[in-house]
Amino acid sequence: MSVPYFRRYAKGSDFISFGDDTPAAKREDVVLTAFDGAKSKAALYSNGNEKTVICLMHPRADMTRHYSVPGFTRAGYAFFSQLGRSPGPDAVAQTIHEWLLTDIAAGMAFLRSRGFEKLVLLGNSGAATLFSLYHKQATTPPPGRLTDTAAGDPYDLNKVDMPVADGFVFLGAHLGPGVTLQTEMDPSVVDENDPASCDPFLDMFDERNGFREPPAETTYAEDFLARFRAAQVVREGRIDAIAWKMVEDQRDAEQALAADGVDHLPYGERATLYRRASVTHLMHVHRLQSDPKAVDFSITPSDRSYGTLMSIRPDLSNYDMEMGTKVVEPRVWLSSWSARYSRANLLRQIDAVTMPSLVLSYSGDNALSPDVAEKIFAQSPAQDKEMTIVVGDHFGYRVPHKPDEGGRDVAIKAMVDWLKPRFPAV
């Protein structure tokens with residue numbers, strides 16, 4: 001028996017790209033240097049006469065060919081899409097959000113130096129939380145800014161010039177990688193070192209808990225959902241503890257190496273300390289395709305189709321190494337994926353986002369329920385704010401059961417229509 005196909009999008013497909021569409025502006029590739037010397041790359045689409053530039057930077061993904069580029073440039077806006085210093089999947093990316101803020105600062109300073117009058121942040125998906133964190137730090141006068149990372153490593157943002165943007169578009173924005181991941185992790189995992197370990201009492205794919213193999217309908221009882229969500233918080237805390245243990249073990253070795261008299265220790269002891277201080281720990285966090293709303297449409301009803309963001313069969317992909325597992329360094333876990341310790345939490349930062357704001361959500365988003373956009377809009381302190389809903393999935397594609405409604409073009413038009421009375425194009 002072969003494993004059924006369960007990917008929502010074909011492996012290797014560039015589902016965030018504008019494809020064969022053509023931007024109405026020239027592309028310039030830019031190399032930027034942050035205050036700590038780290039390099040990052042960006043693409044600026046501009047004809048040289050625009051007054052407003054749309055800015056985008058995702059914590060991990062390459063969005064330099066974002067699907068909105070042609071539409072914004074045809075409307076007369078410049079577009080600036082930046083990669084962080086270490087983009088890519090979790091196993092290779094150094095997604096320390098505090099570091100990324102200084103990459104953004106370098107990008108903002110570059111755009112101001114080019115003479116753009118207005119900078120509008122496009123917070124698409126995880127970019128919204130990253131930009132919200134940036135804006136809160138940028139509008140906090142020194143010495144009140146962050147001085148360390150989530151893992152406690154020194155990193156002083158008070159030393160950084162952090163230009164402030166003028167507008168904010170929340171496009172398919174989630175509340176933070178850690179907040180979102182906590183709703184997707186499988187709490188039935190008994191042993192973090194055994195991907196197959198399972199407590200059936202907490203297994204959302206166990207028929208005794210209400211699951212039915214598709215196309216049959218799944219419905220969960222309220223008592224199961226309550227204990228499931230509570231157990232997700234418990235598991236997330238267990239993973240946090242593992243991450244902290246790894247960080248603290250490495251830090252203890254670093255401190256021992258810096259102590260007086262270490263040079264007089266026997267070689268074997270010094271070598272052991274050096275190895276402990278130098279080793280790169282990798283955490284394997286399994287079974288991350290377990291959000292009940294992915295299979296139970298009675299939970300926060302919307303236009304979404306069956307499954308998770310990337311999978312049409314989460315009961316299978318939950319156990320898949322590529323789709324259901326994160327391989328991540330402990331410091332990256334704490335800065336990005338921990339619901340408790342990550343500062344990349346949109347609702348903790350949005351109080352500073354007082355500039356004109358648009359919240360645009362997709363009604364068929366498999367990653368986000370409709371109440372996410374409602375929370376963002378409700379907690380936005382902006383005096384000038386609007387909210388709009390477009391039929392589409394998380395990446396702006398039309399949903400199967402409404403093939404003639406919504407889509408990327410409708411979303412881009414809504415954003416341009418919101419921008420025009422507020423921010424000049426040329």
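Looking only at the stretch 392-415, which residues are closer than 20 Å to Val53 by Cα and either modelled with pLDDT under 95 or open to solvent by 60 Å² or more (accessible area, probe 1.4 Å) (or both)?
Passing the criteria: Asp409, Lys413.
I need every pair where a residue in the stretch 377-394 that is among the polar types (S, T, N, Q) has its Cβ under 8 Å from the Cβ of a residue that is buried (at least 18 other Cβ atoms within 10 Å of the Cβ) and assigned to a loop (DSSP other than H, G, I, E, B), sequence separation at least 6 or different chains.
Taking only residues 6 or more apart or on different chains, the pairs are Ser380/Val353.
What do you reckon, is Ser311 buried (at least 20 other Cβ atoms within 10 Å of the Cβ) and either more than 26 Å from Leu121 (Cβ to Cβ) or at pLDDT 95 or above (or both)?
Against the criterion (buried (at least 20 other Cβ atoms within 10 Å of the Cβ) and either more than 26 Å from Leu121 (Cβ to Cβ) or at pLDDT 95 or above (or both)), Ser311 qualifies.
Given the criterion over 21 Å from the mean Cα position of the chain (by Cα) and of a type in the set (Gly, Ala, Ser), identify the matching residue among Ala425, Ala373, Ala344.
Exactly one residue qualifies, and that residue is Ala425.
Can Thr280 be described as farther than 30 Å from Tyr5 by Cβ, open to solvent by 30 Å² or more (accessible area, probe 1.4 Å) and assigned to a loop (DSSP other than H, G, I, E, B)?
It is true that Thr280 is farther than 30 Å from Tyr5 by Cβ, open to solvent by 30 Å² or more (accessible area, probe 1.4 Å) and assigned to a loop (DSSP other than H, G, I, E, B).
If only one of Glu184, Glu207 is within 17 Å of the chain's Cα centre (by Cα) and under 17 Å from Leu316 (Cα atoms), which one is it?
Of Glu184, Glu207, the one residue that is within 17 Å of the chain's Cα centre (by Cα) and under 17 Å from Leu316 (Cα atoms) is Glu184.
Take the stretch 118-127 and flag every residue that is within 22 Å of Asp393 (Cβ to Cβ) and over 8 Å from the mean Cα position of the chain (by Cα).
Hits for the stretch 118-127 are Leu122, Gly123, Asn124.
Suppose the filter is of a type outside the set (S, T, N, Q) and either in a loop (DSSP other than H, G, I, E, B) or crowded, with 23+ Cβ neighbours inside 10 Å (or both); does Met323 pass it?
no
Take the residues of the stretch 322-368 that are out of contact with any helix residue (DSSP H, G or I) (no Cβ under 6 Å at 6 or more places or on another chain) and among the hydroxyl-bearing types (Ser, Thr, Tyr): which is modelled with the lowest pLDDT?
Thr325
From the list Glu248, Glu254, Glu217, which one is assigned to a loop (DSSP other than H, G, I, E, B) and open to solvent by 10 Å² or more (accessible area, probe 1.4 Å)?
After ruling out the rest, the residue left standing is Glu217.
Among the listed residues Asp191, Asp161, Asp223, Asp186, identify the single one that is of a type outside the set (Val, Ile, Thr), free of Cβ contacts under 8 Å to residues at least 12 places away in the same chain and outside any helix (DSSP H, G or I).
Selected residue: Asp191, the only one of Asp191, Asp161, Asp223, Asp186 that is of a type outside the set (Val, Ile, Thr), free of Cβ contacts under 8 Å to residues at least 12 places away in the same chain and outside any helix (DSSP H, G or I).
Could you please let me know if Val295 is surrounded by 13 or more Cβ atoms within 10 Å (Cβ to Cβ), of a type in the set (A, V, I, L, M), closer than 24 Å to Val190 by Cα and in contact with a strand residue (DSSP E or B) (Cβ under 9 Å, 6 or more places away or on another chain)?
Answer is no for this residue.
Among the candidates Leu368, Leu316, Leu347, single out the residue that is under 29 Å from Ser13 (Cα atoms), assigned to a helix (DSSP H, G or I), open to solvent by 10 Å² or more (accessible area, probe 1.4 Å) and in contact (Cβ under 8 Å) with a residue 60 or more places away in the chain.
One residue alone meets the criteria, Leu316.
Just need a number here: residues in the stretch 60-79 that are crowded, with 24+ Cβ neighbours inside 10 Å and touching a Gly at 6+ places or on another chain (Cβ under 7 Å).
0
Assess whether Ala339 counts as being within 30 Å of Asp296 (Cα to Cα), crowded, with 20+ Cβ neighbours inside 10 Å and aliphatic (A, V, I, L, M).
yes
Considering the stretch 17-46 alone, what residues qualify as being buried (at least 16 other Cβ atoms within 10 Å of the Cβ) and within 19 Å of Thr95 (Cβ to Cβ)?
Of everything in the stretch 17-46, those that are buried (at least 16 other Cβ atoms within 10 Å of the Cβ) and within 19 Å of Thr95 (Cβ to Cβ) turn out to be Leu32, Ala34, Phe35, Ala38, Ser40, Lys41, Ala42.
Quick test for you: out of Pro70, Pro87, pick the one residue that is assigned to a helix (DSSP H, G or I) and out of contact with any helix residue (DSSP H, G or I) (no Cβ under 7 Å at 6 or more places or on another chain).
Only one candidate qualifies: Pro70.
Starting from residues that are open to solvent by less than 20 Å² (accessible area, probe 1.4 Å) and of a type in the set (D, E, K, R), keep the ones in the stretch 93-137 and report whichever is nearest to Glu50 (Cα to Cα).
Of everything passing the filter in the stretch 93-137, Asp103 is nearest to Glu50 (Cα to Cα).
Please pick out the residue among Ile376, Ile389 that is modelled with pLDDT of 95 or more, open to solvent by 50 Å² or more (accessible area, probe 1.4 Å) and within 25 Å of Val69 (Cβ to Cβ).
From the options Ile376, Ile389, the qualifying one is Ile389.
For Lys385, all conditions in the list (1) in contact with a His (Cβ under 7 Å, 6 or more places away or on another chain); (2) more than 19 Å from Asp90 (Cβ to Cβ) hold save one; what is the number of the exception?
Going through the list (1) in contact with a His (Cβ under 7 Å, 6 or more places away or on another chain); (2) more than 19 Å from Asp90 (Cβ to Cβ), Lys385 breaks only (1).
Are there any pairs, at least 6 apart or on different chains, whose C-beta atoms fall under 7 Å, with the first in the stretch 121-143 and basic (Lys, Arg) and the second assigned to a helix (DSSP H, G or I), and if so, which?
Once the first residue is basic (Lys, Arg) and sits in the stretch 121-143, its partners that are assigned to a helix (DSSP H, G or I) give Lys136/Gln349; Lys136/Ala352.
Suppose we filter the stretch 138-158 for residues that are open to solvent by less than 60 Å² (accessible area, probe 1.4 Å) and either closer than 23 Å to Gly178 by Cβ or part of a loop (DSSP other than H, G, I, E, B) (or both); how many remain?
Counting residues in the stretch 138-158 that are open to solvent by less than 60 Å² (accessible area, probe 1.4 Å) and either closer than 23 Å to Gly178 by Cβ or part of a loop (DSSP other than H, G, I, E, B) (or both) gives 14.
The values are calculated or read from the model by the stated rules, or taken from the named source; none is laboratory data. Computed from a predicted model, the values in this text were never measured in an experiment. Note: ideal-geometry Cβ built from the backbone for every residue, glycine included; neighbour counts use all protein chains shown. Each accessible area value is taken on the protein alone, full model and side chains, heavy atoms only, with ligands, DNA and RNA left out. Shrake-Rupley method; radii C 1.70, N 1.55, O 1.52, S 1.80 Å.
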